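Worksheet: one structure, shown below.
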Amino acid sequence: MSNTRQAEAVSPWRAPLLFLILAALFLAEGSFRNALFSGSWNTALAILNMGLISAVMALGVNMQWGYAGLFNAGVVGFLALGGLAPVLVSTAPVQGAWAAGGPRVILALLVGLGTLALAAQVWKRLSGAWRVPALIAVLVAGFVLYRWLFDPAVMAIEANNSARAGNIGGLGWPVLLSWPVGALFAAVAAWGVGKVALGLRSDYLAIATLGIGEIIVAVMRNEEWLSRGVKNVSGIPRPVPYELDLQGNPDFVARAAEWGMSPAVASGIWVKLLYAGLFGAVLLALILLAELALKSPWGRMMRAIRDNETAAEAMGKDVTRRHLQIFVIGSAVIGLAGAMMVTLDGLLSPTSFNPLRYTFLIWVMVIVGGSGNNWGAALGAILIWFLWIKAEVWGPEFMRLVTGPMPDGALRSHLLGSAPHMRFIALGVVLLLMLRFAPRGLVPEK
Amino acid sequence: MDILNALVAILNFVVIPAASYGAQLALGALGVTLIYGILRFSNFAHGDTMAFGAALVILITWGLQAIGISLGPLPTALIALPFGIALTAIFILGTDRVVYRFYRSKRSAPIILVMASVGVMFIMNGLTRLIIGVDEIRFDDGARFLISVQQFRAWTGLTEGLSLRVSQALTLVVTALTCWALFRFLNRSRAGKAMRAYSDNEDLALLSGIDPERVVRLTWIIATALAVTAGTLYGLDKSFKVFNYFQILLPIFAAAIVGGLGNPLGAVAGGFIVAFSEVAVTYPWRKIATYLGFEPQGLLQLLSTEYKFAVSFVILIVVLLFRPTGLFRGKSV
């Protein structure tokens with residue numbers, strides 16, 4: 001790996017040029033209306049917004065992979081955990097939910113955590129024949145107590161106005177406050193996984209994170225008191241005005257008329273522009289911080305560890321500890337992106353967290369963009385997201401072109417019908433080609 | 001107290017389902033562990049190899065059914081299985097040639113090979129969706145039950161019934177035969193000994209004139225055969241759905257790690273350990289407790305079935321914490 005990371009002369013114009021091409025793609029999407037592009041600024045901006053959020057996710061993955069060589073296969077879990085924050089922090093409180101069982105649920109969760117901590121202490125302090133029986137006794141007693149506290153409280157919360165709420169509800173605080181909370185949630189989970197799986201073989205972290213990702217998503221799907229499960233949480237407040245309010249505002253309608261746009265279109269564009277500004281500011285701030293960190297002695301140490309762990313360890317660096325640190329920071333960034341995504345959607349839909357879409361697609365973004373380079377990761381994220389969305393349109397078009405000479409029949413309609421699945425194949429091919437022929441990505445690390 | 005009925009219930013709801021699930025996991029974990037032992041990376045594409053192979057088997061089964069071939073009481077998929085294995089093995093050997101061999105000759109870090117296997121996973125996942133779609137497919141024809149609940153009740157006069165499906169019995173028999181053949185191959189044949197030698201010490205094996213490319217090819221073929229068999233049996237038992245094969249990756253990895261990565265015997269044991277814990281933890285024990293004379297209040301279910309993956313995860317974590325090389329001493333860290 002080390003020889004592929006050696007700095008090679010790369011034209012300084014490469015990154016700006018690629019960003020220009022990306023901008024041209026978005027301009028084309030917004031202004032031309034043909035088979036390839038939609039010609040709608042609303043669509044173009046919607047893609048851009050999700051692209052910016054994907055860029056934040058890619059930054060997080062890039063910190064873990066590009067700075068430290070850690071393979072996090074559970075991005076979707078940390079993202080979902082971050083997405084929980086806007087629900088718990090900023091949705092309106094649910095009438096009666098807290099009284100029904102809030103304190104008891106909290107107590108149950110504390111008992112659960114306390115049991116684990118106690119078990120760890122028992123294991124550490126005791127030795128000899130009593131060690132295993134004592135450990136099992138602590139775990140069993142803790143589990144029984146936990147379930148005794150937890151089950152009735154959950155039943156009570158879920159029974160409370162179950163058609164419209166049935167969850168614990170939020171605090172009603174401003175939604176922007178929930179973003180750092182989302183990062184915190186993800187960081188805590190990452191600390192737990194990292195504590196166990198880091199310092200072992202590199203693949204173990206991949207497998208352990210794959211597991212934690214699945215479990216977090218399963219929890220969100222099934223714990224209705226927390227996230228309403230398949231019933232989704234909607235109506236998450238926004239940091240920007242609502243389209244309908246803008247359309248009812250005479251000043252805004254007059255301004256839109258000046259620009260020659262209908263109020264409906266103009267309000268959509270304005271809201272999306274505000275979001276783009278917000279997300280862009282977060283992204284730029286993160287890139288700035290990450291670049292500063294990378295140029296500091298700490299960043300040099302991280303790269304030294306990545307390139308040669310044995311040598312770094314011989315220099316007295318605590319490799320496992322640094323890995324844990326960067327793993328937690330990267331996961332926190334992913335959690336932040338999750339909170340941003342749920343805020344943008346205004347909806348938490350636990351069933352939509354699919355590992356192919358939210359773990360491995362992000363990985364492709366980082367590898368394509370350039371692992372180890374923050375600008376590269378951001379570029380790769382926005383580019384791949386644009387292509388991923390457009391492939392939905394381009395795939396069937398392409399298939400129609402290819403199957404044009406074929407007679408109409410079962411095979412042709414089957415091929416046309418399954419064109420959307422071509423996205424996965426294309427993604428795999430892109431990943432393999434990049435890994436093989438340009439492992440340093442579009443914008444290589446300096 | 002009604003011990004007989006309690007035993008039958010345990011057999012019916014815990015032992016039989018866990019045994020057949022465990023056998024499927026064991027076959028999957030054997031493939032993962034062999035690839036790990038020889039090629040030294042965790043193959044993320046293994047779940048999708050199972051799905052891809054099972055999809056081919058389904059297509060061939062449909063073809064056979066269309067021309068009127070069947071196995072009587074046994075599922076037609078059994079005839080299709082060797083063809084499915086052969087086609088999948090050709091594809092997998094192709095991926096080795098195009099993808100993995102490059103990194104092997106460069107001696108890249110294992111994590112790069114893991115990344116490459118993610119790329120292969122994407123392609124195989126897309127191909128499977130392309131050829132067979134994302135819907136749930138049942139392809140078990142022939143007889144459904146070896147022992148049905150009514151028959152069992154009529155024979156024994158017990159209130160509790162017991163059923164053994166053909167797919168479950170078939171899973172156990174096929175797994176037993178496969179394991180027997182595999183271990184015989186690894187322990188007795190020249191090629192199997194070469195594989196074990198290569199797994200133990202690559203350089204020493206090279207010095208004694210073992211052709212590494214041949215060992216690698218053999219490993220891919222055996223792992224693919226195991227994966228396709230596991231995938232087909234899992235599909236016969238539970239129905240075929242592409243996404244399920246991605247999710248089964250976690251229990252399979254857990255099984256392989258519990259047994260010690262690179263240790264085939266451990267992988268089999270790990271598969272059964274994971275399956276039995278999963279079923280035991282997610283089964284509501286109320287009925288059995290009632291037979292034994294208790295009067296439980298709740299369902300006595302430790303975890304709801306949606307969290308069955310949490311069980312493999314916890315087992316994984318416990319093993320990583322206390323015995324990172326696995327119960328049967330796999331490859332060192």
Could you look through the range A:353-381, keep only residues that are within 13 Å of chain B (Cβ to nearest Cβ) and of a type in the set (S, T, N, Q), and pick out the one that is farthest from A:Leu79 (Cα to Cα)?
A:Ser371
Working only within the range B:148-181, note down all residues that are under 30 Å from B:Ile221 (Cβ atoms) and aliphatic (A, V, I, L, M).
B:Val166, B:Ala169, B:Leu170, B:Leu172, B:Val173, B:Val174, B:Ala176, B:Leu177, B:Ala181
Filter pass, B:Asn187 being closer than 23 Å to B:Gly260 by Cβ, modelled with pLDDT under 90 and not small (Gly, Ala, Ser)
no
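Report the residue count in the range A:68-101 for those that are within 14 Å of chain B (Cβ to nearest Cβ) and farther than 18 Å from A:Phe360 by Cβ.
Let us first name the residues in the range A:68-101 that are within 14 Å of chain B (Cβ to nearest Cβ), namely A:68-77.
From what is left, the residues that are farther than 18 Å from A:Phe360 by Cβ are A:68.
So the answer is 1.
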If A:Lys195 satisfies all but one of (1) away from every other protein chain (no Cβ under 14 Å); (2) surrounded by fewer than 21 Cβ atoms within 10 Å (Cβ to Cβ); (3) assigned to a helix (DSSP H, G or I); (4) in contact (Cβ under 8 Å) with a residue 60 or more places away in the chain, what's the number of the condition it fails?
(1)
Filtered residues of the range A:429-446 (kept if hydrophobic (A, V, I, L, M, F, W, C) and either farther than 20 Å from A:Phe360 by Cβ or more than 8 Å from every other protein chain (Cβ to nearest Cβ) (or both)):
A:Val430, A:Leu433, A:Met434, A:Phe437, A:Ala438, A:Leu442, A:Val443
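From the list A:Glu243, A:Glu214, which residue is over 22 Å from the mean Cα position of the chain (by Cα) and not basic (Lys, Arg)? Outline the logic, then answer.
Details: A:Glu214 fails: over 22 Å from the mean Cα position of the chain (by Cα).
Only one candidate passes the filter, namely A:Glu243.
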Tell me, which residue of the range B:236-267 that is of a type in the set (Gly, Ala, Ser) and farther than 26 Å from B:Arg184 by Cβ is surrounded by the fewest Cβ atoms within 10 Å (Cβ to Cβ)?
B:Ser239
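Among the listed residues A:Ser227, A:Ser202, which satisfies the condition of being more than 10 Å from chain B (Cβ to nearest Cβ) and out of contact with any Ser or Thr (no Cβ under 9 Å at 6 or more places or on another chain)? First the steps, then the outcome.
Details: A:Ser202 fails: more than 10 Å from chain B (Cβ to nearest Cβ).
Just a single option satisfies the conditions, and that option is A:Ser227.
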Per-region count, the range A:314-331, residues small (Gly, Ala, Ser), surrounded by fewer than 24 Cβ atoms within 10 Å (Cβ to Cβ) and part of a helix (DSSP H, G or I)
1
Report yes if some residue within the range B:221-235 is surrounded by fewer than 22 Cβ atoms within 10 Å (Cβ to Cβ), touching a residue at least 12 places away in the same chain (Cβ under 8 Å) and closer than 13 Å to B:Tyr21 by Cβ; otherwise report no.
no
Going by the structure shown, is A:Leu116 within 14 Å of another protein chain (Cβ to nearest Cβ) and either under 26 Å from A:Val217 (Cα atoms) or not in a helix (DSSP H, G or I) (or both)?
yes
I'd like the full set of residues that are more than 8 Å from every other protein chain (Cβ to nearest Cβ), of a type in the set (A, V, I, L, M, F, W, C) and under 14 Å from B:Pro251 (Cα atoms), limited to the range B:299-317.
B:Val311, B:Val314, B:Ile315
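Results for (1) over 19 Å from B:Met50 (Cα atoms); (2) of a type in the set (Phe, Trp, Tyr); (3) within 12 Å of chain A (Cβ to nearest Cβ), shown as yes or no for each residue.
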residue	(1), (2), (3)
B:Lys241	no, no, no
B:Ile248	no, no, yes
B:Val258	yes, no, yes
B:Phe276	yes, yes, no
B:Ala280	yes, no, no
B:Ile288	yes, no, no
B:Leu292	yes, no, no
B:Gly326	yes, no, yes
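Collect the residues in the range B:42-75 that are assigned to a loop (DSSP other than H, G, I, E, B) and either surrounded by fewer than 23 Cβ atoms within 10 Å (Cβ to Cβ) or away from chain A (no Cβ under 14 Å) (or both), keeping them in residue-number order. Outline the logic, then answer.
At the first step, the residues of the range B:42-75 found to be assigned to a loop (DSSP other than H, G, I, E, B) are B:42-45, B:67-70, B:72-73, B:75.
Matches in the range B:42-75: B:Ile67, B:Gly68, B:Ile69, B:Ser70, B:Gly72, B:Pro73, B:Pro75.
Would you say A:Phe143 is within 10 Å of chain B (Cβ to nearest Cβ), under 24 Å from A:Leu107 (Cα atoms) and of a type outside the set (Asp, Glu)?
Numbers: within 10 Å of chain B (Cβ to nearest Cβ): yes; under 24 Å from A:Leu107 (Cα atoms): yes; of a type outside the set (Asp, Glu): yes.
Taking the combined requirement at face value, the residue satisfies it.
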Taking only pairs six or more apart or across chains, which ones have beta-carbon atoms under 7 Å, a first residue in the range A:405-428 that is within 9 Å of chain B (Cβ to nearest Cβ) and modelled with pLDDT under 80, and a second residue that is assigned to a loop (DSSP other than H, G, I, E, B) and surrounded by 11 or more Cβ atoms within 10 Å (Cβ to Cβ)?
A:Leu415/A:Thr403; A:Ser418/B:Gly133
Just to be sure, is B:Gly270 closer than 22 Å to B:Leu182 by Cα, more than 12 Å from chain A (Cβ to nearest Cβ) and small (Gly, Ala, Ser)?
yes
Select from the range A:60-82 the residues that are surrounded by fewer than 24 Cβ atoms within 10 Å (Cβ to Cβ) and either modelled with pLDDT of 95 or more or β-branched (Val, Ile, Thr) (or both) and list them in ascending order.
none
Note on the range A:206-218: residues more than 9 Å from every other protein chain (Cβ to nearest Cβ) and either crowded, with 24+ Cβ neighbours inside 10 Å or at pLDDT below 90 (or both) are A:Thr209, A:Gly213, A:Val217
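If you check B:Pro296, B:Pro284, which single one turns out to be more than 19 Å from A:Asn222 (Cα to Cα) and either within 11 Å of chain A (Cβ to nearest Cβ) or not in a helix (DSSP H, G or I) (or both)? Give the derivation first.
Numbers: B:Pro284 fails: more than 19 Å from A:Asn222 (Cα to Cα).
Checking each option against the conditions leaves just B:Pro296.
Among the helices (runs of 4 or more DSSP H) contained in the range B:95-171, which hold 2 or more residues that are under 15 Å from B:Ala45 (Cα atoms)?
B:110-132
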Can you find even one residue in the range B:203-215 that is free of Cβ contacts under 8 Å to residues at least 40 places away in the same chain, crowded, with 16+ Cβ neighbours inside 10 Å and assigned to a helix (DSSP H, G or I)?
yes
For A:Gly172, which of the numbered conditions (1) on the phi < 0 side of the Ramachandran plot; (2) more than 9 Å from every other protein chain (Cβ to nearest Cβ) fails to hold?
(1)
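Among the residues that make up the range A:251-266, is at least one of them in a helix (DSSP H, G or I), in contact (Cβ under 8 Å) with a residue 40 or more places away in the chain and surrounded by 12 or more Cβ atoms within 10 Å (Cβ to Cβ)? Please lay out each step first, then the result.
Within the range A:251-266, the subset in a helix (DSSP H, G or I) is A:251-258, A:263-266.
Restricting the remaining residues to those that are in contact (Cβ under 8 Å) with a residue 40 or more places away in the chain gives A:265.
Now drop any that are not surrounded by 12 or more Cβ atoms within 10 Å (Cβ to Cβ), which leaves A:265.
Yes - at least one qualifying residue is present in the range A:251-266.
Before we move on, is A:Ile384 away from chain B (no Cβ under 14 Å) and within 21 Å of the chain's Cα centre (by Cα)? Step through it out loud before you land on a result.
On the way: away from chain B (no Cβ under 14 Å): no; within 21 Å of the chain's Cα centre (by Cα): yes.
Considered against the rule, which asks whether it is away from chain B (no Cβ under 14 Å) and within 21 Å of the chain's Cα centre (by Cα), A:Ile384 comes out as no.
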Taking the residues in the range A:17-59 that are buried (at least 16 other Cβ atoms within 10 Å of the Cβ), aromatic (Phe, Trp, Tyr) and farther than 12 Å from A:Ala378 by Cα as candidates, determine which candidate is modelled with the lowest pLDDT.
A:Phe37
Failed condition for B:Leu78, given (1) over 12 Å from B:Phe139 (Cβ atoms); (2) under 21 Å from the mean Cα position of the chain (by Cα); (3) surrounded by fewer than 21 Cβ atoms within 10 Å (Cβ to Cβ), with all others met?
(1)
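The values are calculated or read from the model by the stated rules, or taken from the named source; none is laboratory data. No experiment lies behind these values; they were computed from the predicted model shown. Ideal geometry is used to build each Cβ from the backbone, glycine not excepted, and the neighbour counts take in all protein chains shown.
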